[in-house]
Amino acid sequence: MAYNFLSNKSLRNWHRDIGYFFVGLIIAFAVSGIAQNHRKLWKPDKYLYEYKKLSSAFSGAAHSIQKQQLQAFGDAQQLGKLLRSDSRNDSTVVAVFANADITIHLENGMVEMNLWKPKPVLAQMAFLHKFTGNWWIWYSDIFALGLIFITVSGMFLMRGKYSFKKRGWWLALMGIIFPIAILVLFYQ
């Protein structure tokens, strides 16, 4: 008997095995996707582990503070690389480092520091979700194709009254209409 890739048994086997292979990444992307949706509330990449107030030699107008000065302060405090800085008004500077956020009050030289650590497991999942290394992009593309295959093959695995032809098509249609409605209503 000839091998038929589209036979129900073959399709079921491929569907199962590809699902098993990608189960870890499916869970990681799903959990980190939820965390990214709520990133302002949950801060999936980091959590506050220490708050400090200390005095500094910073003074003057906010525009006079140079990035080199901020990085030197960050190096002394072991805050990591300076990612960005901004003046909130002429007497306050906010700087974001790899491991901390600081607010400098120039009128008195006080510095408020929020020191961050990565959230265990969730930070690593979020990293996978956002990582853009060349080989990872290719693997993610293969993963996306695997998800397409799992989705499409899943539509044809059931037979009888619960099949795609009898019942599944309208559920799939509803699932397609909802994101289209959101695009129509909110996409500009």
Legend entry - The one condition in (1) part of a helix (DSSP H, G or I); (2) modelled with pLDDT of 90 or more that LEU79 fails to fulfil: (1)
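Conditions (1) part of a helix (DSSP H, G or I); (2) among the basic types (Lys, Arg); (3) under 30 Å from ASN8 (Cα atoms), marked per residue:
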| position | (1), (2), (3) |
| --- | --- |
| ALA95 | no, no, no |
| ILE102 | no, no, no |
| ASN108 | no, no, no |
| LEU115 | no, no, no |
| PHE127 | yes, no, no |
| LEU145 | yes, no, yes |
| ARG167 | yes, yes, yes |
| LEU173 | yes, no, yes |
| VAL184 | yes, no, no |
Legend entry - Conditions (1) of a type outside the set (Asp, Glu); (2) closer than 17 Å to GLU50 by Cα; (3) crowded, with 16+ Cβ neighbours inside 10 Å; number of the one not met by THR103: (3)
Inset, instruction - Kindly indicate whether any position in the range 55-78 is more than 24 Å from SER153 (Cα to Cα) and in contact with a helix residue (DSSP H, G or I) (Cβ under 8 Å, 6 or more places away or on another chain). - result: yes
Legend entry - Residue tally, condition surrounded by fewer than 18 Cβ atoms within 10 Å (Cβ to Cβ) and of a type in the set (A, V, I, L, M), over the range 34-83: 9
Inset, instruction - Select from the range 34-70 the residues that are in a loop (DSSP other than H, G, I, E, B) and either hydrophobic (A, V, I, L, M, F, W, C) or within 15 Å of the chain's Cα centre (by Cα) (or both) and list them in ascending order. - result: HIS38, LYS43, PRO44, ASP45, LYS46, ALA57, PHE58, ALA61, ILE65
Inset, instruction - Within the range 82-93, count every residue that is under 18 Å from LEU54 (Cβ atoms), in a strand (DSSP E or B) and more than 28 Å from the chain's Cα centre (by Cα). - result: 1
Inset, instruction - Give the range 23-76 a look and list any residue that's modelled with pLDDT under 90, of a type in the set (Gly, Ala, Ser) and under 30 Å from ASN108 (Cβ atoms), or say none. - result: SER55, SER56, ALA57, SER59, GLY60, ALA61, ALA62, SER64
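Within the range 107-127, which residues are among the aliphatic types (A, V, I, L, M) and either in contact with a Cys (Cβ under 7 Å, 6 or more places away or on another chain) or surrounded by fewer than 14 Cβ atoms within 10 Å (Cβ to Cβ) (or both)? Spell out how you get there, then give the answer.
Taking the range 107-127 as the starting set, the residues that turn out to be among the aliphatic types (A, V, I, L, M) are 110-111, 113, 115, 121-123, 125-126.
Hit for the range 107-127 is VAL121, nothing else.
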Inset, instruction - Could you tell me whether the range 83-104 includes any residue that is of a type in the set (A, V, I, L, M, F, W, C), in contact with a Gly (Cβ under 6 Å, 6 or more places away or on another chain) and either at pLDDT below 90 or farther than 30 Å from GLY24 by Cβ (or both)? - result: yes
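The values are calculated or read from the model by the stated rules, or taken from the named source; none is laboratory data. Fair warning: this is a prediction, and the values are worked out from it, not measured in the lab. With ideal geometry, Cβ positions are generated from the backbone for all residues, glycine too; neighbour counts draw on all protein chains shown.
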